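Asks: Attaching a single structure in structure tokens format; questions to follow.
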Amino acid sequence: MNSNKELRSEIIRYAHRMDTRGWVANHDGNISVRTDRGGFVATPTARAKFDLVEADLIELSEEGKKTSGQGNPFSEMAVHLRVFKARKDVQAVVHAHPPAATAVGCANQEMVTWAIPEAVVSLGSGVPLAGLALPNSEALWREFDPLLAHYDAVMVTGNGVFAWGKSLEQAFLRLELVEHLAKIFLATLPLGGPKLLAKVDVDSLLKKRAEAGL
């Protein structure tokens, strides 16, 4: 990102897009992006995403302490910080409650990507589920932390989806793909469920994913 203003503009654009897609309601959802200076720019807590403007965004230190802005950090910043700490390649984290994926998580289901080759390349072998717990609780970390090195999106029971990437665009697109897969998964259930690719084919796709730097 070339400037703080461009970064803020991008965050606002994707915050509005989450609202337009119907992935957030009330004060749901949050976005944080790592800056060149080592801290983060993020959406504030207790604000609807549809009317956010650049001046509403807050800045935080590497430890997650607010350094500028009128609003306050959201409680799930603790989750974002765990992702940033575990994944030095990650520049952005997004969180929302897209209805289909959130429904799958609320039903305590995990999603494999093995039914669609493109999804394997984009997301890896699946979208795991971390159990129901408060965002900054040890119970959540015991399930969440081991997943960070191996996955780029995680569903949390009763708390939507977290996705991350090397850019805000990539993180958003991964969230979008999780919701798309959830819709397809739910649509297959009356038909007997998804037919999965053979493991040898999945391994080949995962190799292509690694070669592409994903």
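The values are calculated or read from the model by the stated rules, or taken from the named source; none is laboratory data. Not measured: the values here are computed from a predicted model. For neighbour counting, all protein chains shown are included, and Cβ atoms are generated from backbone atoms with ideal geometry for every residue, glycine included. What goes into the accessible areas is simple: the full protein's heavy atoms, side chains included, and nothing from ligands, DNA or RNA. Shrake-Rupley method; radii C 1.70, N 1.55, O 1.52, S 1.80 Å.
Asks: Based on the Kirkwood radius over alpha-carbon pairs, what is the Stokes-Einstein translational diffusion coefficient of the stretch 62-214 at 25 °C with 0.890 mPa s viscosity, in µm²/s?
Replies: D, rounded to a whole number, is 153 µm²/s.
Asks: If you bin every alpha carbon distance in the stretch 5-86 into 5 Å steps from zero, what whole percent lands in each bin?
Replies: Values per bin, smallest distances first: 3, 17, 29, 26, 18, 7, 1.
Asks: Just how large is the dipole of the stretch 143-196 about the Cα centre, in debye to the nearest 20, putting +1 at every Lys and Arg Cβ and -1 at every Asp and Glu Cβ?
Replies: Dipole of the stretch 143-196, to the nearest 20 debye: 220 debye.
Asks: Which lysines have a Cα less than 25 Å from the Cα of K88, not counting those fewer than 8 places away in the same chain?
Replies: Leaving aside lysines fewer than 8 places away in the same chain, those within reach of K88 are K5, K65, K66, K166, K207, K208.
Asks: Under 15 Å from a point placed 7 Å out from the Cα of K183 along the Cα-to-Cβ direction: which residues of the stretch 7-45 have their backbone N that close?
Replies: So the set is 18-24.
Asks: For helix 199-211, report the angle its Cα long axis makes with the longest principal axis of the Cα atoms of the chain; keep it between 0 and 90° and round to the nearest 10°.
Replies: The two axes meet at around 30 degrees.
Asks: Can you tell which of A96, A48, A153 shows the greatest fluctuation in a Gaussian network model of the chain with Cα springs below 10 Å?
Replies: A48
Asks: Using Cα centres only, tell me the gap between the stretch 71-123 and the stretch 1-23 in whole Å.
Replies: A separation of 17 Å, based on Cα centres.
Asks: Tell me the relative contact order for the stretch 53-165 as a rounded percent, counting alpha carbon contacts under 8 Å between residues six or more apart.
Replies: 28
Asks: What shape does the stretch 163-214 have by the C-alpha gyration tensor, where a ≥ b ≥ c are the square roots of the eigenvalues, rounded means a/c under 1.5, and otherwise prolate means a/b greater than b/c and oblate the rest?
Replies: The shape class here is oblate.
Asks: Charges only on Cβ, +1 for Lys and Arg, -1 for Asp and Glu: so what's the dipole of the stretch 46-185 about the Cα centre, in debye to the nearest 20?
Replies: Roughly 160 debye for the stretch 46-185.
Asks: Another question about this same structure. Could you state the number of Å between the C-alpha centres of the stretch 145-214 and the stretch 37-65?
Replies: A separation of 27 Å, based on Cα centres.
Asks: From the Cα gyration tensor of the stretch 117-201, with a ≥ b ≥ c the square roots of its eigenvalues, which class applies: rounded if a/c is under 1.5, or else prolate if a/b is larger than b/c, or else oblate?
Replies: It comes out prolate by the Cα gyration axes.
Asks: Please check: in the Gaussian network model of the chain (C-alpha springs, under 10 Å), which one of R174, R17, R37 has the largest mean-square fluctuation.
Replies: Residue with maximal mean-square fluctuation among R174, R17, R37: R37.
Asks: Next question. Using just the helices of the chain, give the 222 nm mean residue ellipticity in deg cm²/dmol: DSSP H runs with n ≥ 4 each add -39,500 (n - 2.57), and the total is spread over all residues, rounded to 500.
Replies: So the helix-based figure for the chain works out to -12000 deg cm²/dmol.
Asks: Please report the relative contact order for the chain, taking Cα pairs under 8 Å with a sequence separation of at least 6, and give it as a percent rounded to a whole number.
Replies: Here the relative contact order equals 19 percent.
Asks: Which residue fluctuates the most in the chain, going by a Gaussian network model with Cα springs under 10 Å, if the choices are P146, P99, P190?
Replies: P190
Asks: For T102, T43, T20, give me the order by solvent-accessible area with a 1.4 Å probe, most accessible first, ignoring ligands, DNA and RNA.
Replies: The ordering from most to least exposed comes out as T20, T102, T43.
Asks: Just to confirm, what accessible area per residue do you get for the stretch 1-58 at 1.4 Å probe, in whole Å²?
Replies: Accessible area per residue: 47 Å².
Asks: Quick one: putting +1 on the C-beta of Lys and Arg, -1 on the C-beta of Asp and Glu, what dipole do you get for the stretch 20-61 around its Cα centre, in Debye to the nearest 20?
Replies: Charge dipole of the stretch 20-61: 140 debye, to the nearest 20.
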